[in-house]
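Beneath this line is the structure, given in structure tokens, with notes to follow.
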Amino acid sequence: MIEQHAVVAKILPSLLSEHTHELGARLKQRIQKIFLSQGMPAFDPRKEGYPKFSVYLERLHSDIAKVVRVAGNSDVHVYRQHSSSVQNAPAMPLDLKEKKNVVIRSDVWQAFLNQDLSRKRFYNKKTCVVMHFIPSSGSSEENLLDASPEEYVEINPVPGNEQLKWMREFLDSAPIGDAERDVIAGQLHAKYSSALNATFINSLGKQGSLWRRYRIPRIISFIEEWARKNEIPFSELCVTESIDSNISRTSQLESLEESVPDIPLPPRALAHKLLDLMTEDDIARMVLPAMMNTLLLKSHL
């Protein structure tokens with residue numbers, strides 16, 4: 001079945017004008033009539049987590065609809081977005097289902113999300129293996145890097161300040177009350193950490209799933225851009241699964257980020273956490289070759 005907001009995106013341009021406004025309530029009624037005439041389930045923004053129609057338009061259709069609030073009027077004026085404004089508008093959040101074939105490998109996800117900056121992380125362009133180590137610790141991973149630096153690309157995690165920016169952007173238009181919004185906003189003055197993200201999700205309550213849908217595509221885009229800059233095929237960083245598995249894997253990835261604290265764990269404990277969240281294919285294709293390489297290197301030292 002076609003998603004509700006996808007249908008609205010198709011019909012909105014024909015319902016709006018750049019020069020004359022349409023009242024929000026009347027626009028909503030017109031959309032509802034079209035859904036009814038085409039035999040579709042009733043249109044209701046609340047199905048997608050937005051009690052207010054104006055917020056629904058701003059969050060999901062700002063590339064088409066321009067919402068104007070008029071002092072003294074209880075209803076909003078809605079115009080069709082100018083084409084020049086569309087070109088300059090910030091990228092809208094991507095729905096997770098639009099990335100239905102994109103599932104980031106668990107080891108890659110953890111490398112980009114964990115905020116322990118004392119650990120270095122590198123990607124081996126030949127073996128596709130991600131490795132972590134603390135610099136100047138004399139670890140076997142660091143020895144591998146020193147022996148063949150041309151085979152590796154450094155991974156820098158998504159900056160905490162960038163994630164705080166996403167949080168504030170999401171909160172500005174989240175379908176929650178003003179008092180609740182102010183309380184949650186007070187949390188965002190702290191330094192970003194996976195613990196802060198977990199607190200943010202818990203504070204959002206039932207809207208926490210909307211934050212995940214908002215955040216995950218941005219993380220994927222960050223990883224895609226890193227791969228492009230370093231000439232690494234993005235497909236190497238992903239596994240392909242069905243949408244149901246995708247949602248399940250996403251939950252695993254978020255659990256992984258939150259289960260690995262921003263302070264160093266003992267290496268063996270960290271390895272166990274990672275292995276528990278990897279598929280058998282991941283382990284056979286990436287972990288075992290890396291372990292064999294390490295053992296071979298040690299045998300020659």
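The values are calculated or read from the model by the stated rules, or taken from the named source; none is laboratory data. This is a predicted model, so every value here is computed, not measured. Cβ: placed from backbone, ideal geometry, glycine included. Neighbour counts: every protein chain shown.
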* Quick check, is Asp107 assigned to a loop (DSSP other than H, G, I, E, B) and surrounded by 14 or more Cβ atoms within 10 Å (Cβ to Cβ)? -> no
* To do: Name, by its number, the condition in (1) closer than 30 Å to Glu231 by Cβ; (2) surrounded by fewer than 13 Cβ atoms within 10 Å (Cβ to Cβ); (3) modelled with pLDDT under 90 that does not hold for Asn161.
  => (3)
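Could you go through segment 60-74 and let me know if any residue there is closer than 25 Å to Lys206 by Cβ, surrounded by fewer than 17 Cβ atoms within 10 Å (Cβ to Cβ) and either acidic (Asp, Glu) or modelled with pLDDT of 90 or more (or both).
Applying the first criterion (closer than 25 Å to Lys206 by Cβ) to segment 60-74 yields 60-62, 67.
Narrowing the set further to residues that are surrounded by fewer than 17 Cβ atoms within 10 Å (Cβ to Cβ) leaves none.
No, the conditions are met nowhere in segment 60-74.
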* To do: Name, by its number, the condition in (1) out of contact with any Pro (no Cβ under 6 Å at 6 or more places or on another chain); (2) under 30 Å from Leu57 (Cβ atoms); (3) at pLDDT 85 or above that does not hold for Glu254.
  => (3)
* Asked: Inside segment 127-138, can you point out the residues that are surrounded by fewer than 17 Cβ atoms within 10 Å (Cβ to Cβ) and touching a strand residue (DSSP E or B) at 6+ places or on another chain (Cβ under 7 Å)?
  -> Pro135
